[in-house]
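Comments concern the structure below.
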Amino acid sequence: MQEWFRQIAEDFSQTFIEEDRWMQFLKGLGITLEVAFLALVLGLVIGIIIAMIRSAHDQRRSQKKGPGTVILNIANGICVVYLTVIRGTPMMVQLLIMYFVIFASSQNQVLIAVLAFGINSGAYVAEIVRSGIMSVDAGQMEAGRSLGLNYRQTMRSIVIPQAFKNALPALGNEMITLLKDTSLVTVIGLKDLTKTAMTVQSRTYEALMPFVGIAVVYLVIVMILAKVLSIVERRLRTGDKR
């Protein structure tokens, strides 16, 4: 047992302490969080816009056709194609296409990763938000319109806030999934947390400590996110009861 602890201490020192390798892991963690946060913001923006377009199309389907309806039908068709393609293809394939095809001349790996993950996340966020909008009573929209608000104002001030509360658990799961999926950026050479562990392992020839170490880091971050989301969700429910 004493020998086992000695070996673990030696592996830990070799992985994190020697040559200040903990600094490499810290930089990798920073890149991981940067990509995850920016991609989440982009995904939320794309998802909310698409959810509003698809919800508006569903609500106006029975109305008479006009210029506005035709434009909405075209926009909805584009959204459907986007959702079908993004949700129907693997995240890694999308990332490789972004890096080697669409942005082949760019060396900004962080930007490419943010765009790839943000566009991918937007497709899932769109359906999550749309389901949240559908869960809001139709009378809320009618009440807003009766107060003189147009469709956009009613959605922004009345429907979207309620839809967000309804969709928060699913949005939280998407956030956690996005954070873990950022480990795929290793395929384009971005030095995130996972790539750092692979680099250290190639130098020390020791796989247990670097990979278990980053697994613990990911687990801790996910637990913190889950706790924060739980607190926010509980406070929102408390606010509804008042």
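A few remarks follow.
- Flag for residue 192 being charged (D, E, K, R) and in contact (Cβ under 8 Å) with a residue 24 or more places away in the chain: yes
- Selection count, segment 11-20, where residues are surrounded by 12 or more Cβ atoms within 10 Å (Cβ to Cβ) and either of a type in the set (A, V, I, L, M, F, W, C) or within 15 Å of residue 212 (Cα to Cα) (or both): 6
- Taking segment 1-114 and the helices (runs of 4 or more DSSP H) fully enclosed by it, the elements with 2 or more residues that are within 30 Å of residue 161 (Cβ to Cβ), touching a residue at least 12 places away in the same chain (Cβ under 8 Å) and in contact with a helix residue (DSSP H, G or I) (Cβ under 8 Å, 6 or more places away or on another chain) are at 21-59, 67-88.
- Among (1) in a helix (DSSP H, G or I); (2) at pLDDT 85 or above; (3) within 27 Å of residue 43 (Cα to Cα) - the single one residue 198 does not satisfy: (3)
- In segment 228-241 there is at least one residue matching the filter, namely being within 30 Å of residue 28 (Cβ to Cβ) and either of a type outside the set (Val, Ile, Thr) or crowded, with 16+ Cβ neighbours inside 10 Å (or both).
- When the residues of segment 129-167 are filtered to those that are assigned to a helix (DSSP H, G or I), farther than 14 Å from residue 53 by Cα and of a type in the set (A, V, I, L, M, F, W, C), the one that is farthest from the chain's Cα centre (by Cα) is 143.
- Residue ID - farthest from residue 115 (Cα to Cα), chosen from residues in segment 167-185 that are surrounded by fewer than 18 Cβ atoms within 10 Å (Cβ to Cβ) and touching a Ser or Thr at 6+ places or on another chain (Cβ under 8 Å): 170
- For segment 67-87, the set of residues classified as of a type in the set (Gly, Ala, Ser) and either surrounded by 14 or more Cβ atoms within 10 Å (Cβ to Cβ) or modelled with pLDDT of 95 or more (or both) consists of 75 only.
The values are calculated or read from the model by the stated rules, or taken from the named source; none is laboratory data. Values in this document were obtained by computation on a predicted structure and should not be read as measured data. No Cβ is skipped: glycine too gets one built from the backbone with ideal geometry, and neighbour counts run over all protein chains shown.
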